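Q: Next up is a structure, given as structure tokens.
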């Protein structure tokens, strides 16, 4: 699936977020199903707003250095390279 439109709107695919947080996708989906992390859907795919992901990381990880590392990776992952219509988020 092409995620450029979602990334332009400031959303990150759930699979990418799971990969960045080093957790299995099912764990992230369980957190989303419990309501700990808000998401939107397109078909079976889930997308998380970058601001919500940052707030989630800050709440979940109490060590500031680890949280800062994850947040930096999130902000880098949301960027779309080589896309003239992309708005840089983060």
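Q: Checking the structure you have, find out if any residue of segment 10-27 is assigned to a loop (DSSP other than H, G, I, E, B) and loosely packed, with under 13 Cβ neighbours inside 10 Å.
A: Yes - at least one qualifying residue is present in segment 10-27.
Q: Of the residues 17, 28, 37, which is under 18 Å from residue 58 (Cβ atoms) and in contact (Cβ under 8 Å) with a residue 24 or more places away in the chain?
A: 17
Q: Okay, next question. Could you please find all residues in segment 29-48 being in contact with a helix residue (DSSP H, G or I) (Cβ under 7 Å, 6 or more places away or on another chain) and either crowded, with 19+ Cβ neighbours inside 10 Å or in a strand (DSSP E or B) (or both)?
A: Correct list: 37, 39, 46, 47, 48.
Q: For residue 51, state whether it is touching a residue at least 60 places away in the same chain (Cβ under 8 Å) and either assigned to a helix (DSSP H, G or I) or over 23 Å from residue 69 (Cβ atoms) (or both).
A: no
Q: Tell me whether segment 70-78 contains one or more residues that are surrounded by 12 or more Cβ atoms within 10 Å (Cβ to Cβ), at pLDDT below 90, in a loop (DSSP other than H, G, I, E, B) and touching a helix residue (DSSP H, G or I) at 6+ places or on another chain (Cβ under 6 Å).
A: no
The values are calculated or read from the model by the stated rules, or taken from the named source; none is laboratory data. It should be emphasised that the depicted structure is a prediction, and the values quoted were computed from it without experimental measurement. Glycine also receives a Cβ, built like all others from the backbone with ideal geometry; neighbour counts cover every protein chain displayed.
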